[in-house]
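See below for the structure under consideration.
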Amino acid sequence: MQIFILFIIKSNIFSELYTYNITLRHLNEYSLEDEKYGENFFSRIVNKIHKGKKSKDAITKYIKEIIYKNKLCKKINFCKDFSSDEKDDEITNVRKEEKNIKEIKNCSFLPNYISDNFEKGISYKNKLEEEYMSVENVFNWELGKESLKKRLGCTNNFQINGVYYENWILKNINFRNSSNSHYSPKNVYKGIIPMNNNYNVDEVYVFIKKIPINKWLNQYEKMELYNGEYILKGENYVMEAVVSAFLSEYHPGISPHFYTLLYEPLDYNENGNENGNENGNGDENGNENGNENGNENGNENGNENGNENGNGNGVENGNENGVENGNENGNAIRSYENNIPNLNVFNDILKEQNKHKSIGNIVMVFEFFGEDLDCFMNRMCIKGYSTLGRKAKKKIMLSCLKLINRLHKIGLCHLDISLENILMQDNYEMRICDFAKCTPRYTYNLRHIRNPNGLCLFESCIPTIGKIEYIPPECCEIEKIYKELKITKPFSYLKTIIDQDERKKNYFDVTSADNYMLGILFILIWVYHFFWNKADASVDKEYAEFARVNMDFHKVEKTYHWPDGIKFIIQQLLHFESRKNLDLNDLINHPWFTREKCWFLKLFSFDLRYFK
């Protein structure tokens with residue numbers, strides 16, 4: 001949001017003004033309720049100025065104090081005739097929230113301010129900010145919500161290819177776990193949309209995920225409170241929907257297309273087309289695969305602070321918006337009534353349904369894309385050994401690397417990278433799915449660093465990410481700390497810790513964690529089995545063997561004969577010191593992906609140029 005301020009002093013107008021972005025940092029664990037709904041930032045400034053009828057010098061002094069206290073990190077020009085000697089203590093109470101303010105040009109330099117969080121003056125832009133600014137449409141919470149609000153609707157009115165949702169055939173999807181047994185989550189389905197001769201299209205498949213309304217409302221309230229940076233131990237369905245909508249609008253080709261987020265109205269009864277596996281009223285009440293184990297306080301009472309606008313009920317009036325005749329994602333043509341202007345109204349509808357104690361669902365509808373890598377690799381195995389050739393493996397690995405690199409560049413970390421969450425078609429085109437563990441990659445909010453240098457990489461205090469074999473060692477260490485201290489609510493626990501070194505022990509870099517998961521994925525693609533079950537040297541001897549040599553696959557017998565290129569690439573992804581500052585572009589451009597000597601050339605020491 002850009003805010004324009006024009007200062008008029010004694011009929012003189014400072015015409016040369018331009019915007020300046022001020023970021024107010026805070027420790028993210030602290031409750032933002034008082035600040036979130038407190039007095040407007042600039043209202044306080046204007047009110048204070050007018051209340052005291054401050055002079056020209058006092059106004060200038062006040063502006064300078066704002067710049068100081070909000071940790072402005074760039075030397076700026078200020079009016080050289082102005083002076084300020086007084087101190088305004090009220091500035092310390094300025095609400096901690098990102099705002100924009102104007103800067104006055106053609107003036108003398110202000111000195112660098114050394115604040116409590118900054119030991120030295122720092123430059124306006126660091127390297128990370130330059131990277132951030134070089135990419136269009138980088139993810140942030142507000143942009144994601146704007147994308148999602150365009151995809152809100154009701155199950156009664158949504159249709160694809162002229163077939164309404166209630167006439168779709170829903171079948172449970174079977175997944176294979178690490179022990180090769182199959183399971184069927186209660187909340188995910190394959191939707192089969194029958195042929196419609198009027199549209200001249202074939203049968204279409206979609207992926208459907210259902211979420212209990214009360215769970216959505218609880219998660220959304222926390223995500224709003226923390227500006228999209230609240231982390232859950234279980235699946236974060238709100239983040240999944242927001243990220244999926246954002247990717248579909250701004251960066252298609254990374255994830256399966258996200259069609260819509262629907263709610264099931266009170267009078268909606270499933271009519272038996274879920275193949276007998278549902279009981280008709282969507283009774284998934286919080287036990288999806290053991291996720292979300294009670295750490296979310298559960299005290300949300302449904303009264304959104306000032307967001308209700310009273311027009312959330314009865315938004316379906318039966319007048320459809322017509323059929324979109326584009327050919328989005330193949331031949332799927334969609335049409336639905338969209339009278340829901342934003343997420344606040346959508347949530348009002350859900351709250352109204354909750355008042356009736358009726359356990360309903362909201363429904364996420366995705367494109368059904370290819371098959372996951374786990375199924376593909378399993379098909380390509382004979383008696384547990386992969387029949388994939390080296391060329392095919394390299395092609396898959398390079399595609400995965402480019403996919404994750406693209407995700408990182410637009411400001412997202414997945415935190416659940418696995419064979420099951422990488423989807424592939426026969427032509428090796430890939431997508432990544434399941435963003436329920438996803439976090440932003442960039443943040444301005446402090447965690448434990450005294451001098452974060454402006455924009456910094458996001459760090460999390462919730463180590464329960466992904467599947468256990470993929471979890472990096474730093475997350476295992478944090479989990480051990482929580483277990484020893486019997487900590488079940490990390491956010492509450494970290495409020496009590498002020499010491500920077502102590503706080504640091506409870507955080508991990510999400511970008512580095514993604515890189516580690518990608519390294520484990522590459523091992524599976526190459527040999528289709530894990531080398532260790534848990535990245536904890538105290539309980540896993542296999543992991544301890546690799547950790548002892550700093551993940552150098554040249555020094556481990558079982559990987560000694562692997563190609564040098566793959567050994568180097570995996571070490572860069574797994575070794576902590578290498579991956580924490582790793583640029584995935586360096587691996588993408590590694591010559592191993594583009595060329596490799598034929599095996600028989602290694603038998604000869606001469607150069608083939610002699611045979612010309």
>> Take Met517 and tell me if it is in a loop (DSSP other than H, G, I, E, B), within 30 Å of the chain's Cα centre (by Cα) and surrounded by 19 or more Cβ atoms within 10 Å (Cβ to Cβ).
In response: no
>> Going by what's in this entry, would Glu166 be described as farther than 15 Å from Glu249 by Cα, outside the structural domain of Val242 (by TED's automatic domain parsing) and either at pLDDT below 90 or among the acidic types (Asp, Glu) (or both)?
In response: no
> Of all residues in segment 553-578, which are of a type in the set (Val, Ile, Thr) and assigned to a helix (DSSP H, G or I)?
Replying inline: Thr559, Ile566, Ile569, Ile570
> Looking at (1) assigned to a helix (DSSP H, G or I); (2) modelled with pLDDT under 90, which is the only condition Asn214 fails?
Replying inline: (2)
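Out of everything in segment 217-235 that is over 17 Å from Lys351 (Cβ atoms) and either without any contact (Cβ under 8 Å) to a residue 40 or more places away in the chain or among the aromatic types (Phe, Trp, Tyr) (or both), what residue ends up being surrounded by the most Cβ atoms within 10 Å (Cβ to Cβ)?
Tyr230
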> Does Ala535 fit the bill of being in contact (Cβ under 8 Å) with a residue 24 or more places away in the chain and within 30 Å of Asn236 (Cα to Cα)?
Replying inline: yes
>> Among the residues that make up segment 130-143, is at least one of them at pLDDT below 55, surrounded by fewer than 16 Cβ atoms within 10 Å (Cβ to Cβ) and not in a loop (DSSP other than H, G, I, E, B)?
In response: no
> Do you know which residues across segment 186-207 are buried (at least 16 other Cβ atoms within 10 Å of the Cβ) and among the aliphatic types (A, V, I, L, M)?
Replying inline: Val188, Ile192, Ile193, Val201, Val204, Val206
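If you check Asp374 against the conditions, is it over 22 Å from Lys467 (Cα atoms) and not aromatic (Phe, Trp, Tyr)?
Against the criterion (over 22 Å from Lys467 (Cα atoms) and not aromatic (Phe, Trp, Tyr)), Asp374 does not qualify.
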> For segment 558-612, which residues satisfy the criterion of being among the hydrophobic types (A, V, I, L, M, F, W, C) and modelled with pLDDT under 55?
Replying inline: Cys598, Trp599, Phe600, Leu601, Leu603, Phe604, Phe606, Leu608, Phe611
>> Which numbered condition in (1) closer than 13 Å to Arg447 by Cβ; (2) in contact (Cβ under 8 Å) with a residue 60 or more places away in the chain; (3) part of a loop (DSSP other than H, G, I, E, B) is the only one that Phe491 fails?
In response: (3)
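For segment 346-379, what are the residues that are farther than 27 Å from Ile432 by Cα and touching a Phe, Trp or Tyr at 6+ places or on another chain (Cβ under 8 Å)? Break it down into steps so the answer makes sense when it comes.
Within segment 346-379, the subset farther than 27 Å from Ile432 by Cα is 346-360.
Correct list: Phe346, Asn347, Ile349, Leu350, Gln353, Gly360.
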> Which one of the conditions (1) surrounded by fewer than 15 Cβ atoms within 10 Å (Cβ to Cβ); (2) touching a residue at least 40 places away in the same chain (Cβ under 8 Å) does Asn427 fail to meet, given that it meets all the rest?
Replying inline: (2)
> If you scan segment 349-395, which residues turn out to be at pLDDT 90 or above, under 23 Å from Tyr189 (Cβ atoms) and small (Gly, Ala, Ser)?
Replying inline: Gly370
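The values are calculated or read from the model by the stated rules, or taken from the named source; none is laboratory data. All values derive from a computational prediction rather than experimental measurement. For neighbour counting, all protein chains shown are included, and Cβ atoms are generated from backbone atoms with ideal geometry for every residue, glycine included.
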